[in-house]
Amino acid sequence: MSGTFQEDLVIFSGTVFQEILIWKIDDNLDSNKSVPVLHRLIGHKGVIFSVIFDPYSHLICSTSDDRTVRLWKVIESESCESNNINWQAATVVLVKTMYAHTARVWRAIIRNDIVITIGEDSLVCTWSLSGNLLNKVYAHHGAPIWSIDMCKDNKNIFTGGADGAVCVWPSTCCTNNPKIISLPNDNMHNIPKYVSYLNSGTILIFNEKGTLFCYNKNETISKDSLYLDRYCSYCIMQVSPCRFFVAFASRDGYVTLYKEIINTNTKHLHQVLEERIMESQIFSLQWLRDDTLIVCGANGLLKIFHFTINGATHVEAQCTLPPSRERWLTAATIYEELLVCGDRAGNVYIFEIKNGSEGLVKKPSQTLIKVHGKIGIQSFDVLEGKLMTAGRDGMLRFYELNKENRNSLLTLHRKKMPMDWISGTLKVDGALLVFGFKEVEFIIYNLQQERLLIRVSCGGGHRSWDCVMLNKMASFAYIRNKQVYVFNYPLRSLKLPILQNGFHVKETCCLQRISSLHAQDIFVSGGEDCTLRVSCIFQISRSDSCTFHNLGVFDGHLSGVKCISAVKLNHEVDKSSSRHLVFSGGGRAQLKVWQMNLKYNEKAPPSVELSCFDVKSHMLYGQDQYRKKSWQETEQSYIVEPETRYMDIYAYYPSEGPKYVLIFVACADGYLRIFIYDIETSDIYLKVSTKYVDRCILKMHVFSYECKIIVLTMTTDGLLRFFDFTDVIARIYEDANMGNQNIVNFNDAPFAELSLHQSGINSYDLKSTEGNRYLLTTGGDDNLLNLLCFQISETDEILSVVILSKWSTMSIHCAQIAGLKFKGKDQICSVGTDQQVTIYSYSWSSNGALSAKVLSEVFTSVTDVQGMDLWSHDK
């Protein structure tokens, strides 16, 4: 709408018929006449999602299903002194069609002579009024962005996404073009080879002729130069972590160090040392500390040497890399008194350098094979006490020190970055920035906020580049087309917080509370976005409301995560730490094992430290790369089976069997499968695969009755079946102790069947009472809620089930029941896809009959409810 008074009010409306209608309302409120359409704007090829009008620029902006943003200009037929437009006489013409979104465009706003659009593709695009794309931000981790607004001063943009997050973005777009640094053009061989920044902002450029040029950060003409004769034909140049020193390595084994000397009005480089460190060519040079370097020579020989400001050097240790195709370093660091090195083959080597003779050439105590593929390791860093490695596969991998064997590392988890090639990291104001490249663009990514900050088109990362933070500006220098470019970008977005934390990008399928540390509830969830999330809920004080915080997001599933089950490893009572095994399953018949170590500390909330180990991944029919392909054999010796979906998981871990965990898996193909997991060796394999009925098993439960182990299955035919797995589980434990991994057959029929629903059973809860009696509540697609009391008895070694009492209702929920839990001694909590949360109170009558009544009903804002978890909380 546009206008300040009723007689000036103009309506802009978009239709599903690809038209934009402009019309005025009738001033006569008592009239029932149809209002004529003033203008019909035709041009979009899809449904119109939004139309806005900017009275200052006289522009109409429309967004559509056709993935375009269109600008229309309102042209008045005659000049008018008032600000009101004569819409009957005006003309509306299409001036620009803008393409950048890859999916439907939801909304647009016009402020400060810029147009900002959001869409289903998670992009926030900023345009000029002439239609040029100024900036493109990938937001909300791939979730559609539904809403957008700006503050009154037009400095910040607020967006809300389908992941539930509310984010703040700077509205200012950096339109500065990168400036070119001029190099002397005395001959055609003056081509830049290395470019780096010093701490003062001085830019160092080393060319192929052996000349080192020094530039002030705000100047494009060299202020000083040095000719390094030893390095004119071969050179490796590296700047120290503090950026006060620069080191050069030569073909004949020499290392030369320079330090920047800053006087009142001048800056110059002073040579600290020049010494032959290696008897052969130096293939790699890396800084370990501000006064320690490591050089790599022929045959993988490594030397770590320390230097003083007076030019004295001391070799601290010598190591050797195992034989490989390209036997030299690409990255190195010191972590927990261990030397960690990465080579061009993608391997990580760990050396113990604390003990031993200085003259002894040490070999690696541990080798991690091709952790980032076979292209090479790019960088190391330490984040919250964990070693982080980066490579050209777009992955960050995390490790920690093995407390039992302190000369080795334990593999934790990995995290995918929105880039193809990760090249480095930098810590700024408590935030870890990840540098990398995606095709021809340089990217800066905030790891804590999971936010992409900068994208610069630079041609790729195959040439020398450097990036530093100077005076709240990101300064990026790179070589392109034999020239050096410098790009400066303000980092205001580092100071902008996330107003509300998001959750799963797509549908959340499962959630389970696993622990509570100092009144902080910790739970694990999985969803269709193929991720596992660990989160916590805590209160800073009793007067404050609960705060939700994300502790970690872990990739690894190839398809959606449908179900999870967790067991606690340390049964001793310890309120400050806990260890858990989490089993997650879902699509593509994939089962993953995670170990999560939780520890409480007293730093700022949330005061929970999480270490997550991606222990094992098991696929029922093996990984894709190991399967037989149809073109590899003329006659296939097997039948290709489709990958099933794991619907439910139950981890059985009795206190008397601490070495093994049995994982019961309910499958969509009707099979009930049992896997065994060895905690000591981390091996997991299939032991039982049984199918009784050709129906999808939706839910499953395992419990003990006296010395028996009973398994309940709930299928899409609405039947509850009871199986006795006592003998089979005893056989599984016996085979595990003997190392026998053969399949155990199970063909027993259920000893009881109960018809509870007309269709699938979506939710349940089981509660034991006195006298071997059990309370069971179930909910299904038919809106039916059942509450029954049954008893298990054994006669002549034959088990049977007797229903003692039953109560049911179909009138509470008007859609399928998605979650059920017992609450306290005599209450039940249910939730359905009708968004109703209902609490019942149940009781027994004098004749033993069950009955229940509704205590309260609450409407929840959670749409498409998938389940529910319930736990007690001290107020």
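Using the structure shown, decide if ILE676 is in contact with a Phe, Trp or Tyr (Cβ under 7 Å, 6 or more places away or on another chain) and modelled with pLDDT of 75 or more. Taking the combined requirement at face value, the residue satisfies it. Taken residue by residue, segment 385-406 has no member that is in contact with a helix residue (DSSP H, G or I) (Cβ under 9 Å, 6 or more places away or on another chain) and more than 30 Å from PHE244 (Cα to Cα). The residues of segment 421-479 that are closer than 24 Å to VAL246 by Cβ and basic (Lys, Arg), listed by number, are LYS427, ARG463. Restricting attention to segment 478-490, the residues that are in a strand (DSSP E or B) and without any contact (Cβ under 8 Å) to a residue 40 or more places away in the chain total 1.
Touching a strand residue (DSSP E or B) at 6+ places or on another chain (Cβ under 8 Å), surrounded by fewer than 18 Cβ atoms within 10 Å (Cβ to Cβ) and modelled with pLDDT of 95 or more: does that describe LEU766? Spelling it out, LEU766 is indeed touching a strand residue (DSSP E or B) at 6+ places or on another chain (Cβ under 8 Å), surrounded by fewer than 18 Cβ atoms within 10 Å (Cβ to Cβ) and modelled with pLDDT of 95 or more. Does ASN299 meet the test of being over 30 Å from LYS179 (Cα atoms) and surrounded by fewer than 19 Cβ atoms within 10 Å (Cβ to Cβ)? Spelling it out, ASN299 is indeed over 30 Å from LYS179 (Cα atoms) and surrounded by fewer than 19 Cβ atoms within 10 Å (Cβ to Cβ). Applying the criterion of being surrounded by fewer than 16 Cβ atoms within 10 Å (Cβ to Cβ) and of a type in the set (Gly, Ala, Ser) to the residues of segment 722-753, the residue that is farthest from TYR764 (Cα to Cα) is GLY739.
Here SER475 fits the description: of a type in the set (Gly, Ala, Ser) and part of a strand (DSSP E or B). The set of residues in segment 808-843 that are over 34 Å from the mean Cα position of the chain (by Cα), crowded, with 18+ Cβ neighbours inside 10 Å and not in a strand (DSSP E or B) comprises ILE812, HIS813. In segment 704-721, of all residues being touching a Phe, Trp or Tyr at 6+ places or on another chain (Cβ under 8 Å) and more than 20 Å from ASN762 (Cβ to Cβ), the one that is surrounded by the fewest Cβ atoms within 10 Å (Cβ to Cβ) corresponds to ILE709. In segment 652-676, what count of residues is obtained for those that are within 20 Å of ASP717 (Cα to Cα) and of a type in the set (Lys, Arg)? Looking only at that region, the number is 1.
Hey, any hits in segment 354-362 for a residue that's in contact with a strand residue (DSSP E or B) (Cβ under 6 Å, 6 or more places away or on another chain) and either over 22 Å from TRP421 (Cβ atoms) or at pLDDT 95 or above (or both)?
Filtering segment 354-362 for residues in contact with a strand residue (DSSP E or B) (Cβ under 6 Å, 6 or more places away or on another chain) gives 361-362.
Retained after the next criterion (residues that are either over 22 Å from TRP421 (Cβ atoms) or at pLDDT 95 or above (or both)): 361-362.
So far as segment 354-362 goes, yes, one or more of its residues are in contact with a strand residue (DSSP E or B) (Cβ under 6 Å, 6 or more places away or on another chain) and either over 22 Å from TRP421 (Cβ atoms) or at pLDDT 95 or above (or both).
Scanning segment 484-499 for residues that are surrounded by 14 or more Cβ atoms within 10 Å (Cβ to Cβ) and farther than 17 Å from ILE454 by Cα returns VAL484, ILE498.
Let me spell it out: the conditions are (1) in contact (Cβ under 8 Å) with a residue 24 or more places away in the chain; (2) over 30 Å from ILE191 (Cα atoms); (3) buried (at least 16 other Cβ atoms within 10 Å of the Cβ), and HIS518 meets all of them except one. Which number is the exception? So HIS518 meets the others, but not (3).
The values are calculated or read from the model by the stated rules, or taken from the named source; none is laboratory data. Because the structure is predicted, anything quoted here is derived from the model rather than measured. In this analysis, Cβ positions are derived from the backbone assuming ideal geometry, glycine residues included, and neighbour counts consider all displayed protein chains.
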